[in-house]
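Here is the structure we will look at, set down as structure tokens.
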Amino acid sequence: MTPEAPHALTIDIYSDVMCPWCLIGYGQLTKALAELDGEIAAEIRWRPFELNPQMPAEGEEQEAHLQRKYGRSAEEGAGLRGRMKAIAEAAGVSLSYEGEGDAPPAMMWNTRLCHKLLAFALEQAGPQVQTELKLALFRAHFNRRERLGDRSVLLDIAASVGLHREAAKAALDDPDLEARVLAEEHEAWDMNIAGVPAMIVANASGVKFLIPGAQEPEVYVNALRRVAAKSRTLH
């Protein structure tokens, strides 16, 4: 008896590079997809969501930003960072500084250029390279604390995943590409997506399911199976 082919799904992840829960959510999703290997084949695409679209080019020190935005104390912030690092490790990802010497201050950057670069990667190289770029941006931010508002830094990261540097440079200056990024952000707002990560799972039949927040792997497993099962019942 011929085994049934894996069921094809798309997963659009609304996310910001500054968001540690987005990296954690991806790690948990990866664990779920490993469990579903041979059962479900998922194409992951990253969609833009800016947590701080008004962030100035010079950025802001992370702890000061979070204290100002959420009104929490330095002690509360330290406790939350510790919990997040432990959750990240369990998810198979890292939020820890891995560079040489003492860690520089963690910063928050304006991510509009990151989102333009990610949109360019999807359009020009496809979802796999786009995911490689997204993970490289996460590493640059969380593990190396690089200046992600700097064009030269972004172009180095783009080249590291095989994207053409000059084409990527042109993409960063493309107003049409920026308009498409902003249109996708408005689509997220229209869907009442107010926080990230937010994953929209869809099948070829048009069935869609929204998974908000960073969930445990079993939550993703159950949700993906549910969408796949609905697809089968429609055929």
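The values are calculated or read from the model by the stated rules, or taken from the named source; none is laboratory data. Predicted, not measured: the structure shown is a model, and the values here were computed from it. All Cβ positions, glycine included, derive from the backbone under ideal geometry; neighbour counts span all protein chains shown. Side chains included, ligands, DNA and RNA excluded: accessible areas come from the protein's heavy atoms. Shrake-Rupley method; radii C 1.70, N 1.55, O 1.52, S 1.80 Å.
The figures follow:
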| read-out | value |
| --- | --- |
| Sequence of W189, W109 when ordered by accessible area, the most exposed leading, probe 1.4 angstrom | W189, W109 |
| FRET efficiency, D174 to A103 (Cβ-Cβ, R0 41 Å, nearest 0.05) | 0.75 |
| Extension gain, E61 back to E39 (0.36 nm per residue minus Cα-Cα distance, nm) | 3.5 nm |
| C-alpha long axis of helix 112-125 to longest principal axis of the chain, angle in ° | 40 degrees |
| Helix 74-90 vs. the chain, principal-axis angle (Cα, 0 to 90°, nearest 10) | 40 degrees |
| Computed lengthening from R83 to L210, 0.36 nm per intervening residue step minus Cα-Cα distance | 43.1 nm |
| Förster radius 30 Å - calculated FRET efficiency between Q128 and E76 (Cβ-Cβ, nearest 0.05) | 0.20 |
| Set of aspartates and glutamates near K69 by C-alpha distance (under 18 Å), chain-local residues within fewer than 8 positions excluded | D16, E50, E58, E60, E61 |
| Electrostatic dipole magnitude of region 1-113 [Cβ: Lys, Arg +1; Asp, Glu -1; Cα centre; debye, to 20] | 340 debye |
| Hits among aspartates and glutamates - C-alpha to C-alpha of K169 under 17 Å, sequence gap 8 or more where chains match | E123, D150, D156, E178 |
| Estimated distance in nm for a label pair at A136 and L51, the labels positioned 7 Å out from Cα along Cα-to-Cβ | 2.3 nm |
| Qualifying lysines (Cα of each under 17 Å from Cα of K230; at least 8 residues distant if same chain) | K208 |
| Antiparallel bridge percentage (DSSP; both residues within the chain; nearest 5) | 60 percent |
| 0 to 90° range, to nearest 10: angle between helix 217-234 axis and the chain longest Cα axis | 40 degrees |
